[in-house]
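Engineer: What follows is a single structure, and I will ask about it in a moment.
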Amino acid sequence: MNIQDIRDMFPILNQEVNGNSLVYLDSAATSQKPTSVIEALDQYYRQYNSNVHRGVHTLGTKATDGYEGAREKVRKFINARSTEEVIFTRGTTTALNTVAASYGRANLAEGDEIVITYMEHHSNIIPWQQLAKATGATLKYLPLQEDGTISLEDVENTITDNTKIVSMVYVSNVLGTINPIKEITKIAHKHGAVMVVDGAQSTPHMKVDVQDLDCDFYAFSAHKMCGPTGVGVLYGKKHILEHMEPVEFGGEMIDFVDLYESTWKELPWKFEGGTPIIAGAIGFGAAIDFLEEIGLDKIEAHEHTLAQYALHRLSEVDGCTVYGPSKRAGLVTFNVNDVHPHDVATVLDADGIAVRAGHHCAQPLMKWLNVSATARASFYIYNNEEDVDRFVSSLIKTKEYFSNVF
Ligand code: 7TS
């Protein structure tokens with residue numbers, strides 16, 4: 001399969017935006033969806049839409065098989081030991097909030113520490129801030145080095161025997177930094193802390209093996225990996241999940257309900273209160289089939305090449321500052337002279353090029369970078385060098401336009 005074959009599988013790419021063929025460079029916000037995923041959703045709603053786990057009727061059984069089959073696809077995709085360790089959530093945000101609200105509230109107290117980094121997305125900051133406020137625990141930040149990476153020496157110096165939770169991105173949505181999760185997990189475990197990984201930007205782009213990483217929790221979203229919105233996963237080690245209380249109560253998650261007491265279903269269903277995300281999970285399963293057919297190694301290599309090409313091309317643009325290390329995932333976050341990133345994104349949009357501008361839900365990181373906002377181009381399997389060329393040409397035009405205006 002070459003890139004053109006892959007592009008042809010994404011119907012949305014075949015359109016003009018503002019009179020120019022679309023160049024979609026905002027996959028870190030959400031990826032586009034291939035025909036196979038759109039068809040899986042369409043088929044579910046047209047042919048076997050039904051609730052799961054309850055009816056014995058044929059459609060109900062088919063929907064249950066589709067939903068639970070998707071769980072097995074996720075299990076295999078991240079190499080979890082068992083489907084009991086794969087909980088469907090609304091996305092990364094809900095998964096991280098579940099860990100903070102359930103594990104965190106039960107296990108942290110005054111004097112304990114939570115360690116995160118300056119490069120976190122808001123959804124991996126605020127749940128821990130709230131947890132710290134509720135329990136009296138202290139929230140600590142691992143420093144970043146000048147190039148936006150983390151040094152293991154700093155990790156050793158920051159995590160202590162009082163640390164109960166260490167949480168961080170595998171891949172930064174702003175800097176593209178790829179954190180040494182396996183090594184950091186070892187250090188966290190040495191001090192008796194659990195390791196929580198925000199995998200929103202890693203899982204779509206590289207092979208992830210939760211057993212090899214040995215992390216205790218791992219969160220990610222389907223919509224950034226060719227799947228539908230509204231569904232994601234919380235992976236957790238079984239022996240930890242078993243001792244955690246659900247955070248949502250109601251239908252589907254109960255075993256027995258009495259007037260004043262109730263008991264919960266076994267894993268993973270005790271964490272899936274209410275009618276689950278049936279269509280979403282089935283679409284997610286189709287997305288995993290699609291990514292596996294292409295191959296995660298191939299996806300990672302392709303994006304690496306594109307990111308390096310983009311870095312090279314941007315280095316030719318006078319006044320362009322790119323943030324983050326050179327060894328990075330498939331995205332480039334940048335600013336151009338004094339042009340506001342929203343102006344950059346607006347002019348690029350007029351040329352049919354979609355990039356993101358703003359704080360990227362990482363305001364503490366913006367503060368660390370000493371900027372109020374940046375622009376970002378992020379790549380996926382359907383992007384090619386021509387996309388990068390169009391992006392850079394449009395950027396040069398933007399820069400020249402604004403230098404004439406001011
Ligand atoms: N963590 C990281 C590292 C992310 O990049 C995002 C979304 C999330 C968590 C939250 O994921 P959600 O699916 O629960 O919303 N990141 C972005 C972004 O970079 N631009 O838009 C959304």
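Every number in this text was worked out from the coordinates using simple rules, so none of it is lab data. Remember, it's a predicted structure, so these values are computed and weren't measured experimentally. Here the Cβ is made from the backbone with ideal geometry for all residues, glycine too, and neighbour counts use every protein chain on show.
Engineer: Rounded to whole Å, give me the distance from the Cα center of the stretch 283-315 to that of the stretch 213-257.
Structural biologist: If you average the Cα positions of each part, the centres end up 26 Å apart.
Engineer: Quick check on the exposure proxy: order 105, 54, 313, 376 from fewest to most C-beta atoms within 10 angstrom. Intermediate values should be presented prior to the final figure.
Structural biologist: Values: 105 15, 54 12, 313 19, 376 24.
Listed from fewest to most nearby Cβ atoms, that is 54, 105, 313, 376.
Engineer: Ok, one more. Taking the chain as the reference, fit the longest principal axis to its C-alpha atoms, fit the long axis of helix 341-350 to the helix C-alpha atoms, and give the angle between the two in degrees, 0 to 90, nearest 10.
Structural biologist: 80
Engineer: Here's a follow-up. Only Cα pairs under 8 Å and at least 6 apart count here; give the relative contact order of the chain as a rounded whole percent.
Structural biologist: Answer for the chain is 23 percent.
Engineer: Within a 10 angstrom radius of the beta carbon, how do 323, 260 rank from fewest other beta carbons to most?
Structural biologist: Numbers: 323 23, 260 5.
Ranked by crowding around the Cβ, least crowded first: 260, 323.
Engineer: Summing -39500 (n - 2.57) over the DSSP H runs of n ≥ 4 in the chain and dividing by its residue number, what mean residue ellipticity at 222 nm do you reach, to the nearest 500 deg cm²/dmol? Walk me through the numbers on the way to the answer.
Structural biologist: On the way: 14 runs with 153 residues, N = 406.
Calculated from helices alone, the mean residue ellipticity at 222 nm is -11500 deg cm²/dmol.
Engineer: For helix 58-78, what angle does its Cα long axis make with the longest principal axis of the chain, in degrees from 0 to 90 and rounded to 10?
Structural biologist: Roughly 60 degrees between the two axes.
Engineer: Using unit Cβ charges (K, R positive; D, E negative) and no other charged atoms, how large, in debye to the nearest 20, is the dipole of the chain about its Cα centre? All intermediate terms of the calculation are to be shown ahead of the outcome.
Structural biologist: Details: 34 positive and 53 negative charges, 68 e Å.
Computed charge dipole of the chain: roughly 320 debye.
Engineer: Against the longest principal axis of the chain, how steep is helix 181-190, in degrees 0 to 90 to the nearest 10, with axes from Cα atoms?
Structural biologist: The angle comes out near 40 degrees.
Engineer: Mind listing the long-range amide H neighbours of residue 112? Cut-off is under 5 Å, sequence gap 5 or more, other chains count too, H placed in the peptide plane at 1.01 Å from N.
Structural biologist: Those qualifying (amide H under 5 Å, at least 5 residues apart or on another chain) are 138.
Engineer: Less than 12 Å Cβ to Cβ from residue 158, Lys/Arg counted +1 and Asp/Glu -1: what total charge do the surrounding residues give? Don't skip to the answer; put the middle values down first.
Structural biologist: On the way: positive: 140; negative: 113, 153, 154, 156.
That works out to -3.
Engineer: Lys/Arg Cβ at +1, Asp/Glu Cβ at -1, dipole of the chain taken about the Cα centre: which of 215, 259, 175 is farthest positive-ward?
Structural biologist: 259
Engineer: Could I ask something else about it? Mind scanning 140/224; 133/190; 164/367; 140/190; 182/367; 182/237 and naming the pairs with a C-alpha gap bigger than 21 Å?
Structural biologist: Pairs exceeding 21 Å: 140/224; 133/190; 164/367; 182/367.
Engineer: Taking K and R as +1 and D and E as -1, what net charge do the other residues with C-beta under 15 Å from the C-beta of residue 120 add up to? Each step should come with its number before you reach the end.
Structural biologist: On the way: positive: 140, 367; negative: 198.
Residues near residue 120 contribute +1 overall.
Engineer: If the viscosity is 1.567 mPa s and the temperature 4 °C, what translational diffusion coefficient in µm²/s does Stokes-Einstein give for the chain when Rh comes from Kirkwood over Cα pairs?
Structural biologist: 58
Engineer: Could you derive backbone 3J(HN,Hα) for the stretch 19-36 from the dihedral phi with the Karplus parameters 6.51, -1.76 and 1.60 (θ = phi - 60°), listing whole Hz in sequence and x where the residue is Gly or Pro?
Structural biologist: Ordered by residue, 3J(HN,Hα) equals x, 10, 5, 5, 10, 9, 10, 9, 6, 5, 6, 7, 7, 7, 10, x, 3, 4 Hz.
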